[in-house]
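Structure, as structure tokens:
Rule-based calculations on the coordinates, nothing more; no lab input. Quick caveat, the model's predicted, so the values are computed rather than measured. In this analysis, Cβ positions are derived from the backbone assuming ideal geometry, glycine residues included, and neighbour counts consider all displayed protein chains.
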Amino acid sequence: MGLDCCWALKLVSGSLATKKMRHTLGVVALAEDLAIRHGLDLERVKLAALLHDLAKEIPLERQLVLARRWNLLHYPEDELMPQVLHGPVAAYWLEYCYELKDQEVLAAIAHHTLGFPGMSPLEMLIYSADMVEPNRDFPDVDNLRQALYHSIEKGTLACMKHSLEYLKNSHKLIHPLTTLTYEDLQRRLEFGT
Ligand SMILES: [Fe+2]
Ligand SMILES: [Fe+2]
């Protein structure tokens, strides 16, 4: 079977409960719309959006075991906040168990929770669509969506800023990758690289 969107939809609907599936389809809808708006490859965007939360319902202790086994732990915070592991775990699983080899799609899945310095437009799109898909409802969500229609880069920077402010205000742990990604994006926008 080809590793296309049909395959991905079957795989993910067998792995996620209804609520998560609803979120996933929300991410697909917004990501597709933004991909058309900004001229990104629709099939790859849809594939990444469908698969981004594939590992979300694996119990956290099991995700930690897998992340350790697959050498996916790089920061002390990875163990302190294991809810960030489902992206890298899903990407590894898809690459080595299903032979999905599209590195940009894999990176978009791996980096959708924390971001990653040097993110491509596809990675930014999945990161941001995950945060502001149509089922999300929080103050500013409409402004963030609008910002993404205007520019993927600036919209993603606005999403990251919002997320960092929320984490700071609620005294939650901030993963170093989120800070590094935010600074990287700021620098890239400033210098136009
Ligand atoms: Fe996720
Ligand atoms: Fe998600």
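Worth pointing out:
- Residues 191, 138 in ascending order of nearby Cβ atoms (within 10 Å, fewest first): 191, 138.
- Ranking of 58, 126, 36 by count of other Cβ atoms within 10 Å, fewest first: 36, 58, 126
- Projected label distance in nm at residue 75 and residue 179, using a 7 Å step from Cα toward the beta-carbon: 0.8 nm
- Least to most buried among 69, 44, 145 (fewest other Cβ within 10 Å first): 69, 44, 145
- In summary, the lysines within cross-link reach of residue 172, defined as a Cα separation below 27 angstrom excluding same-chain residues under 8 places away, comprise 19, 20, 56, 154, 161.
- Listed by chain and number, the lysines whose C-alpha is less than 16 Å from the C-alpha of residue 101, apart from same-chain residues fewer than 8 away, are 46.
- Each Cα pair under 8 Å and six or more residues apart adds its sequence gap; the mean of these over the residue count of segment 5-191 is a relative contact order of 20 percent.
- Distance between segment 151-187 and segment 1-75 - C-alpha centres, whole angstrom: 21 Å
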